[in-house]
Each structure stands twice: as C-alpha cells, then as structure tokens.
Amino acid sequence: MFDFDIINSNTLLGESGFHLHETNEIVFLDLLNPSIFFYSIESKILIKKKLSLPKPLGNIYPLVNGKFIISCFNGFYIYDRKRNSLKHYLDVRQKNELKDISYNDGTISRNKFWIGLCHIKETDDLGYFGYINNKKFVEIDRGFKVSNGPAINEKLNKLYFSDSFNSSIYEYNLRTLKRKKIYKFNKKQGFPDGIALDNQNGLWVAHWAGGQVSRINLKSFKIDLQIKLPALNITSVTFVGKKLNHLFITSAKLETSKNQLEKYKHAGSSFIIKTGFKGLKIPYGNNKIL
C-alpha cells in the first residue's frame with residue numbers, strides 16, 4: 001500500500017508536471033482551462049494563475065533564467081512568472097497544419113526541448129514528435145493521433161514514447177532512431193498517457209481511463225508495480241522532491257461521468273506518492289535551446 005497526498009487542483013485536464021528544484025515546487029498546467037499551477041512541497045500551498053492562451057495548452061518547460069516556455073494551440077510562449085506576462089516565441093507547424101495540428105506533451109534533455117504534436121480531433125494519424133534546438137525543429141517519428149511522453153535516458157541513449165491510441169509504449173535508440181514496441185496495454189488497463197523514468201530501469205505510466213499508474217520494468221518489459229488512484233483519467237507522472245523520490249501525478253475531470261465520479265471522487269485532483277524509487281533529474285532549458 002502507498003500513502004499519498006491529495007492536492008485539490010480541480011483540473012479539467014491536468015498535465016505536464018515538472019519539479020522546480022531551486023524552490024522545491026511543482027509546476028503543472030490545466031490544458032483546457034488554461035492555467036498554470038505552482039505547488040510548494042514544503043508549505044503545501046497551491047497557487048493558480050489563469051493564462052490568456054488559446055486552448056488546448058500542451059506542455060511547460062522551465063528555463064534557467066527563471067522563466068518558462070509553454071506550448072499551446074498556436075505555438076510556444078515565454079511566460080515570465082514575476083511579471084505574469086506572456087510573449088509569443090515560436091511555431092514549428094507548417095502552413096497546412098495550422099487548423100488541424102496542436103501541441104501536446106514534451107520534455108527537456110541537454111540542449112533540446114522535445115515536443116509532440118497531435119491531430120486536434122484525435123481521429124487522424126497526423127501527429128508527430130521531435131525536438132527543438134536553436135529554433136529549429138528536428139522530426140523523430142510521425143503517424144500518431146496523439147503524441148505522449150517522451151521520457152529520455154541520455155546516458156543510455158534511449159527515448160520512450162507513449163502512443164496512446166494504439167495502447168503502446170515504444171523504445172527508441174537515439175543514435176539509430178530505430179524503435180521497438182516494448183509494451184501493449186489491454187482495454188481494461190486504459191490508455192497509456194504521460195510517462196517518467198526512475199534510476200532503476202523503470203518506466204512509470206499514467207493510465208487514462210485506467211485509474212492508476214504502473215511501472216514497467218525495462219529489463220523484463222513487464223509491469224511490476226501498480227498504484228490505484230481515486231481518479232479515473234490519470235494524465236501525467238513526474239518525480240519530485242529534493243531526493244526525487246516522490247511521484248507527482250495529475251488527473252482530469254474530463255470524460256468522467258456522474259456515475260464514475262461516485263467511485264472516483266478526486267477526479268481532477270493531483271497526487272504525491274512516496275514510491276521507494278528515485279527519478280532521473282530533468283534539466284531546465286538553457287540558452288542553447290533558445
């Protein structure tokens with residue numbers, strides 16, 4: 001059994017948790033009620049700020065200068081927390097994609113920030129993902145309705161990707177870009193959403209429509225741990241805390257019926273769980289990315 005703290009974030013579509021190690025805070029987003037949240041791990045105070053951005057939001061990237069990059073429907077914006085201001089920064093989509101393609105999940109690695117793009121109606125395999133460096137986009141793979149993840153182990157040159165609509169997790173070799181399917185979920189497990197790596201060869205997966213997170217052992221490619229949660233649609237996972245040994249989990253109220261809310265009373269809440277595992281530290285974005 002795992003004890004967990006419940007944060008009353010009340011998100012329509014919570015996503016994109018990131019640990020701010022300098023202040024020991026967690027930053028995350030509500031994609032459909034465009035907002036940014038800051039949660040102090042020490043004081044347990046949650047601050048929410050509305051964002052004047054076109055929905056859906058996609059992802060948030062903390063920068064070394066204390067600012068953030070936030071992706072949304074029409075591109076990337078730089079968010080200044082002190083001034084609570086936004087400035088448009090970049091849009092990597094082609095002209096013929098502007099109506100049908102939106103930004104979704106992402107992460108940061110050394111000198112790169114990664115982004116997935118998805119079909120806005122989630123019906124056509126028009127999504128793709130890659131990374132941005134010096135305002136240039138490099139595509140890695142395409143042919144997805146929705147791109148989720150990725151999670152990156154730079155020491156092993158491995159990237160993990162969540163193909164939600166095909167219920168599959170892929171592993172990519174970052175040198176050759178060859179991919180292999182390492183896990184296929186069944187319908188009862190829900191759909192794989194956000195993912196995070198620990199330092200013991202484990203990949204943690206949020207289960208949309210599954211009410212849980214699970215850990216895939218990357219040696220055996222089998223699930224060796226499951227944690228049930230009081231929310232149906234689990235959206236993202238990331239390691240937080242000074243020792244990176246707590247898992248921060250977001251969820252969504254979206255697509256949770258009244259009957260389901262009787263069982264999943266904390267839909268839209270966020271959760272912090274001490275796991276016994278330690279996550280891989282994700283760097284802030286630097287000037288080489290910009």
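Report which label in [x] -0.27, -0.83, -0.95; [y] -0.16, -0.57, -0.69; [z] -0.19, -0.66, -0.79 holds the value of log10 I(q)/I(0) by the Debye sum over Cα atoms at q = 0.06, 0.11, 0.12 Å⁻¹ derived from the coordinates of this structure.
Evaluating log10 I(q)/I(0) by the Debye sum over Cα atoms at q = 0.06, 0.11, 0.12 Å⁻¹ on these atoms matches [y].
By the scheme Lys and Arg +1, Asp and Glu -1, what is the net charge of all other residues having a beta-carbon under 11 Å from that of F221?
Details: positive: K180, K181, K184, K219, K222; negative: E171, D224.
Within the 11 Å Cβ shell, the charges total +3.
Are there any chymotrypsin sites (Phe, Trp or Tyr not before Pro) in segment 105-135 that are in a DSSP loop and have at most 11 other Cβ atoms within 10 Å? List them by number.
On the way: sites: F113, W114, Y128, F129, Y131; in loops: none.
Answer by residue number: there is no such site.
Could you list, in their original order, any pairs among K67/K288; K145/K281; K243/K281 whose Cα atoms are separated by more than 19 Å? Let's see the in-between values first.
Numbers: K67/K288 15 Å; K145/K281 29 Å; K243/K281 10 Å.
Exceeds cut-off: K145/K281.
In the neighborhood of K112, defined by Cβ-to-Cβ distances under 11 Å, what is the net charge if each Lys or Arg adds +1 and each Asp or Glu adds -1?
Numbers: positive: R110, K136, K288; negative: E154.
Result for the local shell: +2.
Peptides 180-188, 246-254: what's the order by average Cβ count within 10 Å, highest mean first? Mind dumping the intermediate values first?
On the way: 180-188: 12.4, 246-254: 25.3.
Output ranking for 180-188, 246-254: 246-254, 180-188.
Along the charge dipole of the chain, Cβ charges K/R +1 and D/E -1, which of N104, Y172, S257 sits furthest on the positive end?
Y172
Give me the extension gain from F38 to K188: residue separation times 0.36 nm, minus the current Cα-Cα distance, reported in nm with one decimal.
Numbers: separation 150, 0.36 × 150 = 54.00 nm, distance 3.33 nm.
Going from the current span to full extension adds 50.7 nm.
Can you spot the aspartates and glutamates whose alpha carbon is less than 18 Å from K112's alpha carbon? Ignore those fewer than 8 places along the same chain.
Excluding near neighbours in sequence, the set is D91, E139, D141, E154.
Give a quick list of trypsin sites (Lys or Arg not before Pro) in segment 1-53 that DSSP marks as loop, anything other than H, G, I, E or B, with at most 16 other Cβ atoms within 10 Å.
On the way: sites: K44, K48, K49, K50; in loops: K44.
Listed in order of number, the matching sites are K44.
Where Lys and Arg each count +1 and Asp and Glu each count -1, what net charge lies around Y172 among other residues with Cβ under 12 Å from its Cβ? Let's see the in-between values first.
Numbers: positive: K158, R175, K178, R179, K180, K181; negative: D141, D163, E171.
Here the count lands on +3.
Quick note: the coordinates plus some simple rules give every number you see, no bench work behind them. Given the structure is predicted, the values throughout are model-derived calculations rather than measurements. Because the Cβ atoms are built from the backbone with ideal geometry, glycine has one as well, and the counts that use them run over all protein chains shown.
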